[in-house]
Amino acid sequence: MKQIFISGSMRIKNINKLVIDRIENIIREKFTIFVGDADGVDTSIQQILANKNYENVKVYCTGNYPRNNIGKWGIISVYTDHKPKTRLYFTAKDIEMASHCDYGLMVWDSKSTGTLSNVYELVKNKKTSVVFVNKFKKFFNVNNFSDFENLVSIMSDSAFNKADKKIKLKEKIISNKHKQLCLFPEANKRMNAD
């Protein structure tokens, strides 16, 4: 059975109808849904799933108890050494969901570093994510690092700079460009010769 990680920006409270339609397709396909316990998109997704009486849901949390579990689904508690209530502490559960799922569905405000980190983790794990960018009311498929870089390009300069400070965004992009060049040594030689 396929497993999908659904996540999004904490600032987004209302889920667009286009995303709800996708979720209804996921339910029809009987996917196992992984969702976090944060406010914002996580809680909104939980509410949608609870309203539809969907049972095939796992709520991931860091620590012993989820902050939100509207449908009283099974929980996956993730242990981490990071200091409680820090970004790294809460990110531990997202990394677990990204590593155990088959696909991702993200709802992004084009600013949130948490959602962007989730997309990055999925790409790093060679998994596809579909990212709904709220301000454009449009889905973007992210299958590889080039797609990830295209997604990042829609950020404002100030949002990019904040993301760079929080999650070292430039470093992630440059590192992956370097890895891609290493895969094609002939192209790398040509670039260095120019």
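Candidates in region 32-53 are the residues that are assigned to a helix (DSSP H, G or I), without any contact (Cβ under 8 Å) to a residue 24 or more places away in the chain and of a type in the set (S, T, N, Q); of these, the one that is surrounded by the most Cβ atoms within 10 Å (Cβ to Cβ) is Gln47. Only residues that are closer than 17 Å to Asn16 by Cα and either without any contact (Cβ under 8 Å) to a residue 12 or more places away in the chain or among the hydrophobic types (A, V, I, L, M, F, W, C) (or both) were counted across region 95-121, and they come to 4. Applying the condition of being part of a helix (DSSP H, G or I), hydrophobic (A, V, I, L, M, F, W, C) and surrounded by 13 or more Cβ atoms within 10 Å (Cβ to Cβ) to region 77-98 and asking which residue is modelled with the lowest pLDDT yields Phe90.
Can you name the residue in region 161-194 that is among the aliphatic types (A, V, I, L, M) and surrounded by 13 or more Cβ atoms within 10 Å (Cβ to Cβ) and, of all such residues, is modelled with the lowest pLDDT? Write out each step before concluding.
Of the residues in region 161-194, the ones among the aliphatic types (A, V, I, L, M) are 163, 167, 169, 173-174, 181, 183, 187, 191, 193.
Narrowing further to those that are surrounded by 13 or more Cβ atoms within 10 Å (Cβ to Cβ): 163, 167, 169, 173, 181.
Values: Ala163: 88, Ile167: 87, Leu169: 84, Ile173: 83, Leu181: 50.
Looking at the filtered set, the residue picked out is Leu181.
Residue check: Val119 meets all listed conditions (1) under 18 Å from Asp39 (Cβ atoms); (2) touching a helix residue (DSSP H, G or I) at 6+ places or on another chain (Cβ under 7 Å) but one, namely (1). Summed over region 128-142, residues that are assigned to a strand (DSSP E or B), free of Cβ contacts under 8 Å to residues at least 60 places away in the same chain and surrounded by fewer than 21 Cβ atoms within 10 Å (Cβ to Cβ) total 5. Looking only at region 1-26, how many residues end up being farther than 24 Å from Phe90 by Cα and either out of contact with any Leu (no Cβ under 8 Å at 6 or more places or on another chain) or without any contact (Cβ under 8 Å) to a residue 24 or more places away in the chain (or both)? Within region 1-26, residues that are farther than 24 Å from Phe90 by Cα and either out of contact with any Leu (no Cβ under 8 Å at 6 or more places or on another chain) or without any contact (Cβ under 8 Å) to a residue 24 or more places away in the chain (or both) number 9. All of Ser158, Ser117, Ser146 fail the test of being touching a Ser or Thr at 6+ places or on another chain (Cβ under 9 Å) and either surrounded by 14 or more Cβ atoms within 10 Å (Cβ to Cβ) or farther than 18 Å from Phe90 by Cα (or both), apart from Ser117.
Please tell me if Tyr60 is touching a Ser or Thr at 6+ places or on another chain (Cβ under 9 Å), among the aromatic types (Phe, Trp, Tyr), surrounded by fewer than 16 Cβ atoms within 10 Å (Cβ to Cβ) and under 26 Å from Lys124 (Cα atoms). Answer is no for this residue.
Among the residues of region 143-173, write down those that are outside any loop (DSSP other than H, G, I, E, B) and basic (Lys, Arg). Show your work before the answer.
Within region 143-173, the first condition is being outside any loop (DSSP other than H, G, I, E, B), and the residues that meet it are 145-152, 157-167, 169-173.
The answer is Lys162, Lys165, Lys166, Lys170, Lys172.
Inspect all residues belonging to region 17-31 and state whether any of them is touching a strand residue (DSSP E or B) at 6+ places or on another chain (Cβ under 8 Å), at pLDDT 95 or above and part of a strand (DSSP E or B). No; the residues of region 17-31 include none that is touching a strand residue (DSSP E or B) at 6+ places or on another chain (Cβ under 8 Å), at pLDDT 95 or above and part of a strand (DSSP E or B).
The values are calculated or read from the model by the stated rules, or taken from the named source; none is laboratory data. The shown structure was predicted, so the numbers you read here are calculated from the model rather than taken from an experiment. For neighbour counting, all protein chains shown are included, and Cβ atoms are generated from backbone atoms with ideal geometry for every residue, glycine included.
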